[in-house]
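Working notes, structure below.
Derivation of every value follows stated rules applied to the coordinates shown; laboratory data play no part. In this text, all values refer to a predicted model and were calculated from it rather than measured experimentally. As a convention, Cβ positions derive from the backbone with ideal geometry for all residues, glycine included, and neighbour counts pool all protein chains shown.
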Amino acid sequence: MIEKKDIIAAIATSTVGSTIGIVRVSGKGCRELVASLLNKPIKKARYSYLRKIIKGDKILDEVLVIFFQGPKSYTGEDMIEIHCHGGYVNTRRIYENILEKGARSAHRGEFTKRAFFNGKLDLIQAESINNLINSNNSILADNSVKMMNGIFSRRIEELRDKIIEIIAYLEAFIDFPEDDVEEVSEAFLDERLNKIISDIKVLIRSFDIYKRLSDGIKVAIAGKTNVGKSSLLNAILKEEKAIVTNIPGTTRDILEHQLYINGLNVIFFDTAGLRDSEDTVEKIGIKRAMNKIEQSELLILMFDISSSITEEEKELLEKTKNKNKIVVLNKCDQEKYLKDYQKLVKDVDHLTLSLKTSDGFDAFEKRLHEELEPSNFIDSNVEFFIDNPRYIQSLKNVCDICIKIIDKKDIPPEFIAEDLKETRKGLSEIIGEVYKDDILDKIFSTFCIGK
Amino acid sequence: MKSFFSADVIVIGGGHAGIEAAYVAAKGGAKTILITINLDTIGETPCNPSIGGPGKSQIVREIDALGGLMPKVSDMCAIQRRMINTKGGPAVHSLRFQVDRDKYRKTMKNTLEKVKNLYIKQGKVSDLLVEGNGIVGVKLNTGAEFYAENVIITAGTFLKGKIHIGDFSQKAGRYGEPGSFSLAKAISKLGISLNRLKTGTTPRLDSKTIDFSSLREQPSENIIHGFSLWKTPNWLSGRSCYVTRTNEEIHRIIEKNIDRSPLFSGKIKGIGPRYCPSIEDKVFRFEKDSHKIFLEPEGLFTDEIYMQGFSTSLPEDIQHKIIRLIPGLENVHIYKPGYAVEYDCIDSRELKKTLEHASIKGLYFAGQVNGTSGYEEAAGQGLIAGINALMKVQKRKEFILDRTRSYIGTLIDDLTLKGTNEPYRMFTSRMDYRMMVRQDNAHLRLCEKAYEAGVISQDQYKEYKERTFRISKTLKYMEKNIKKGKTLKQLLKTPGKKLEDIIKIKDFDLDDNDIITVESEIKYEGYILKLKKDQELNKKWREVRLPEDIDYMDINHISIEARQKLIKARPDTIGDIERIPGINSSDITGIIIYLRKNGHKDIN
């Protein structure tokens, strides 16, 4: 996998349809390799040079070339970026010429891997880059950038420092029994550990945000049969995915539709029409619909004002009274029972619309966008959220050990120190670091020691 | 001048490292010469005559298990005996003795004099004789030459030693003793790099001028087992220590005169130990109104009192002024002022784990010259260097202690892999497996290996076997027998329960140390199992030996800095790499990938 003088190359941009293409080359000797394709040499690092790519006596392209001298480069080794004209054929043939000169095509993620191996990134940062590239909405992407910049690594280091500080107190007491080092009291331990536990819990909880965002925000659409749920959904999706029909009860099961709104991944559930039914299949469907309504984060509750209010509708309104929802009075083009419904929903904020004429749809859409503001789902106090289950497991272990220490009473300091060393190891593993001689440094800087 | 003597092993220096090295080599059958500047300072304790303490008592017990001298002689000379750290469990209990300085010295010298094969010689080594890449002997400043293919240097603080008291400084290894300048030169001539360190000691006081009546007394305790478990000790009469404190007035005077301290005026360049700061350091670095001082007797036939906690290199007039402000010392007379000493030490990363120099065959270094501090650390290294020289003479395999199974192993592993930029002292917190590696079980851990190397006798081995048998028999009994629905083992795990509450000690013939071992093994069981699992877990990787000719510069997927550190530390195994400062797990991954790529047989 790793070879001596191994130079790797890859096309960094999409090869289809882009006007500019970038080819990256990394590894010792890449400067000479690329220079052998150019009309003039590359003089200094970090300057961009306008050069011609020459093959034989033919000019292939006019390009901008930037040389990054390791370790000051993304991978930490010598690197070249060639900015050429885009398009599949052009980018590709420049890339192939580089391969011909002795570079090999990079494996997936190999540039980042090299950056990690060369100490340019810690494990979290490397994983975050991967998350950034793969993130499917802008909030996840923003978060990956924060993680990449080390915000989480720093938080873990802070936690580790707090643990090291407690260990230092314990070890100082153990190793300097005749100095003026005070015994570590249970109150002191409990206070410090509780702070650590609550910090970790915040981190663990932040993972829920990630799950919510990556799984999608759930929006359920409910109402009695034939109220126009599928039509509304179609209007939202602006494409015919759900079956729109006038026969009551066709949407017995739950259909899911994914959509990006405000950068959020949103999943719409079209639920079965709710009515008291004797049909077994339909009964199951209704039960599941109620479940889905409960699990959803936003409910769109629809009423058909062209027919009279049913018991089920009253019941549904009652059952969902605490739910975050948008109430829609549909079919306002046939406003037979408008007054009755308005009375029914008088305490609830509601909209009237007609899916047939599209009257009121814009207002509905505006309201939908307001309800799906990212700030409604992400606590503004949260600077970032954890986006990798690997960290959660380690953090939970650390948390459990801290709780265990608090629960135990009257135990000698070396037991507590041993447990805490375990937590320190757990935290170090998250950032991919191994043991360092950090406890003694802390002891010496904190205590006046020495007989 | 032509040589009149050749031997198997030459030891330079008669301090704690030199004593153990010479003793074990000679006892094992190697013809050994110990060369010292002064016969009468063999076994000198230039700082306080105290042996043991946290991290150190464990080393002394290990020396005992390996057949060394320090434990036996300490027991014979102890005048204050205490078990400290008893607020913690047995893993951190530490024996600490004050010994009678004169008696210790005389006992050491006389013990060595009686050893067959050991020849003590007063003289000063001025040059090292090297042929090719191996040592062949030493030359004295008189011109006499002594030949041996194994030379152990235990120069203590003598290499380019220089002492400081205020503005006064003088070339000296210790106060009143000459330093070794030509030897330092001979060492650097071999291409061995030298660093500068600093340490210090306290003033010595005249006991008849001290008013002890106002001070807190710390009496000697009733201790059953000494450092040596081979022999029931015959204790000398006990002496007390006394505790007093500095005060703010003293601190103000120190602050006012700080520019007269060579530590602060920039005169001293060597790096001192952080755990043993001078009183000037303490006042400057820590906001405290008062610092503790122990007044310790130096022997039964002397009135000299050591001022533990008051190491200083302030000028004598200031020393005099501030000491007289300490409660109990209002009218004190100072026998000897405190002083700082600067000295050269080698970069211990140049040594192999046998303490042999990596590029000069047969040349060993042990003790303070390797950058450590403390008599115990020095003795432990001396013993290992001595055993390895002996092994070489007898053409047997290297003697290396595992860091996970001994304090001495940890000490040498740290020195050879990490090196040190301050005088290195052992602490229990340096031990990765503290619950398993304790002072009570040193014999259980090391005697098998000691016997294999031939450094303990047949009788001692038998005694060790009996000890192992008694303990394992008790442990088994406690696991199998049930009382009140619980095994005896479970009962002992209850906090506060002692072994004597559960079984009749007599029936199992356990001595006091065995009781501690049984209690520890049971009370720490959960942790011990976890540590053992951890040992096993990464064994597969950790024990993979690195090729001797590995070219770190060739591994281009780890940082240049990491490559340079690896070249300096010369790790033997992948496990070693983990402990090199500044090397992270991605570097280790990089090395593993490189080794696999290059067809290492143990990695697939």
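In terms of the Cα gyration tensor, with a ≥ b ≥ c the square roots of its eigenvalues, is the stretch A:91-224 rounded because a/c is under 1.5, prolate because a/b exceeds b/c, or oblate?
oblate
Can you give the helix-only mean residue ellipticity at 222 nm for chain B, where every DSSP H stretch with n ≥ 4 adds -39500 (n - 2.57) and the sum goes over all residues, rounded to the nearest 500 deg cm²/dmol?
So the calculated ellipticity at 222 nm is -10500 deg cm²/dmol.
If one computes the Cα centroid of the stretch B:226-254 and of the stretch B:319-373, what distance in Å separates the two points?
The two parts, judged by their Cα centres, are 20 Å apart.
Quick one: check the C-alpha center-to-center distance for the stretch B:280-313 versus the stretch A:45-65, whole angstrom.
Between the Cα centre of the stretch B:280-313 and that of the stretch A:45-65, the gap is 74 Å.
Kindly state, as a whole number, the per residue volume in cubic angstrom of the convex hull around the alpha carbon atoms of the stretch B:539-597.
On the way: hull volume 4.4 nm³, N = 59.
Taking only Cα atoms, the stretch B:539-597 has a hull volume of 74 Å³ per residue.
Rg and Dmax in Å for the protein assembly as shown, alpha carbons only: what are they?
That works out to 38.0, 129 Å for Rg and Dmax.
Report, as a whole number in µm² per second, the diffusion coefficient that Stokes-Einstein gives for chain A at 10 °C and 1.306 mPa s using the Kirkwood radius over alpha carbon pairs.
Details: Rh = 27.5 Å.
Calculated translational D: 58 µm²/s.
If you count, for every residue in B:285-293, the Cβ atoms of partner chains within 10 Å of its Cβ, what is the mean?
3
For the protein assembly as shown, what proportion of DSSP beta bridges, expressed in % and rounded to the nearest 5, is antiparallel?
Rounded to the nearest five, the antiparallel share is 65 percent.
Net charge around A:L64, counting only other residues with Cβ within less than 10 Å of its Cβ (Lys, Arg = +1; Asp, Glu = -1)?
-1
Figure the gain on full extension for A:R367 and A:D190 (residue separation times 0.36 nm, minus the Cα-Cα span) and round it to one decimal in nm.
58.9 nm
When only C-alpha pairs under 8 Å and at least 6 residues apart count, what is the relative contact order of the stretch B:522-597, in percent?
Computed over the stretch B:522-597, the figure is 30 percent.
So for the stretch B:135-271, Kirkwood radius off the Cα pairs, Stokes-Einstein at 4 °C and 1.567 mPa s: how many µm² s⁻¹?
64
A:R154 to A:R46: extension gain in nm, 0.36 nm per residue of separation minus the Cα-Cα distance?
Result: 36.0 nm gained on full extension.
Enumerate the residues in the stretch A:391-414 having an amide nitrogen under 15 Å from the point lying 7 Å beyond the Cα of A:E183 toward its Cβ.
Once the point is set 7 Å along Cα→Cβ of A:E183, A:409-414 turn out to lie under 15 Å by backbone N, inside the stretch A:391-414.
For a Förster distance of 30 Å, can you work out the FRET efficiency between the beta-carbons of B:D501 and B:F469, rounded to the nearest 0.05?
It comes to 0.80.
How high is the FRET efficiency between A:V89 and B:K480 when r is their beta carbon distance and R₀ equals 60 Å, given to the nearest 0.05?
About 0.15, to the nearest 0.05.
Could you pull out which residues in the stretch B:365-390 have an amide N less than 19 Å from a spot 7 Å beyond the Cα of B:E452, following the Cα-Cβ vector?
B:383-390
Neighbouring Cβ atoms within 10 Å as the yardstick, rank B:M307, B:M553, B:M83 fewest first.
Values: B:M307 26, B:M553 11, B:M83 17.
Lowest to highest Cβ neighbour count: B:M553, B:M83, B:M307.
I want to check the label-to-label distance for B:K121 and B:R396. Put each point 7 Å from Cα in the C-beta direction and report it in nm to one decimal.
2.6
Return the loop-located chymotrypsin sites (Phe, Trp or Tyr not before Pro) in the stretch A:36-134 (DSSP other than H, G, I, E, B) with at most 12 other Cβ atoms within 10 Å of their own Cβ; answer none if there are none.
Answer by residue number: A:Y47.
Where does the stretch B:491-550 land on Rg/Rh, using Cα atoms and the Kirkwood Rh?
My calculation puts Rg/Rh at 1.29.
Cut-off 17 Å, label point 7 angstrom out along Cα-to-Cβ of B:S6: give me the residues of the stretch B:389-404 whose amide nitrogen falls inside.
Residues B:393-394 qualify, since their backbone N sits under 17 Å from the label point.
Would you please give the residues with an amide H less than 5 Å from that of B:V11, counting only those at least 5 places away or on a separate chain, with H modeled from the backbone geometry?
The answer is B:I33, B:L34, B:I35, B:I152.
With an 8 Å cut-off on Cα pairs and a minimum separation of 6 or more residues, tell me the relative contact order of chain B in percent.
17
Taking neighbour counts of Cβ atoms within 10 Å as a proxy for exposure, in what order, fewest first, do B:K321, A:K101, A:K120 appear? If you can, show how the numbers build up before the last one.
Working: B:K321 14, A:K101 17, A:K120 20.
Going from sparsest to densest Cβ surroundings: B:K321, A:K101, A:K120.
Using Cα pairs under 8 angstrom and six or more residues apart, how large is the relative contact order of the stretch A:297-432, in percent?
Values: 121 pairs, mean separation 24.5, N = 136.
Dividing the mean separation by the residue count of the stretch A:297-432 yields 18 percent.
Tell me whether chain B comes out rounded, prolate or oblate; compute the Cα gyration tensor, take square roots of the eigenvalues as a ≥ b ≥ c, and use a/c under 1.5 as the rounded threshold.
On the way: a/c = 1.40, a/b = 1.07, b/c = 1.31.
Because its axes are fairly even, with a/c under 1.5, chain B counts as rounded.
Can you find, among B:Q460, A:T320, B:N48, the residue farthest towards the positive end of the dipole of the protein assembly as shown? Put +1 on the C-beta of Lys and Arg, -1 on that of Asp and Glu.
B:Q460
Give me the inter-chain shielding for B:426-437: mean count of other chain Cβ atoms within 10 Å, whole number please.
Numbers: counts 1, 8, 5, 14, 5, 0, 2, 1, 6, 4, 0, 0.
The shielding value for this peptide is 4.
Under a Cβ-only charge scheme (Lys and Arg +1, Asp and Glu -1), can you give me the dipole magnitude of the protein assembly as shown about the Cα centre, in debye to the nearest 20? All intermediate terms of the calculation are to be shown ahead of the outcome.
Numbers: 164 positive and 153 negative charges, 556 e Å.
My answer is approximately 2680 debye.
How large is the charge dipole for the stretch B:300-340, taken about the Cα centre, if only the Cβ atoms of Lys, Arg (+1) and Asp, Glu (-1) carry charge, to the nearest 20 debye?
100
Let me know the mean shielding of B:190-198 by other chains, meaning the per-residue number of their Cβ atoms within 10 Å of its Cβ.
The per-residue average across the peptide is 0.
Of B:M70, A:M290, how do they rank once you tally other Cβ atoms within 10 Å and put the fewest first?
Values: B:M70 29, A:M290 18.
By the 10 Å Cβ count, ascending: A:M290, B:M70.
Once the dipole of the protein assembly as shown is set up with Lys and Arg at +1 and Asp and Glu at -1 on Cβ about the Cα centre, which of B:G173, A:F67, A:N90 lies farthest towards its positive end?
The listed residue farthest towards the positive side: B:G173.
Summing Lys, Arg as +1 and Asp, Glu as -1, what charge do residues with Cβ under 13 Å from the Cβ of A:I378 carry, A:I378 excluded?
Neighbourhood net charge equals -3.
Dipole magnitude of the stretch A:1-98 about its Cα centre, charges +1 at Lys/Arg Cβ and -1 at Asp/Glu Cβ only, in debye to the nearest 20? Don't skip to the answer; put the middle values down first.
Numbers: 16 positive and 10 negative charges, 59 e Å.
Result for the stretch A:1-98 is approximately 280 debye, rounded to the nearest 20.
For a quick check of your reading of the filter: which trypsin sites (Lys or Arg not before Pro) in the stretch B:101-137 sit in a DSSP loop and have no more than 16 other Cβ atoms within 10 Å?
B:K114, B:K116
For an R0 of 51 angstrom, estimate the FRET efficiency from the Cβ-Cβ distance between A:I20 and A:E311 and round to the nearest 0.05.
0.20
Could you give the length gained by full extension between A:K336 and A:K396, i.e. 0.36 nm per residue of separation minus their alpha carbon distance, to one decimal place?
15.8 nm
With unit charges on the beta carbons (Lys and Arg positive, Asp and Glu negative) and the dipole taken about the Cα centre of the protein assembly as shown, which residue among B:W230, B:G272, B:Y147 sits farthest to the positive side?
Farthest towards the positive pole: B:Y147.
Once Rh is set to the Kirkwood radius over Cα pairs, what Stokes-Einstein translational diffusion coefficient, in µm²/s, holds for the stretch B:204-342 at a temperature of 4 °C and a viscosity of 1.567 mPa s?
78
By the scheme Lys and Arg +1, Asp and Glu -1, what is the net charge of all other residues having a beta-carbon under 10 Å from that of A:R114?
-1
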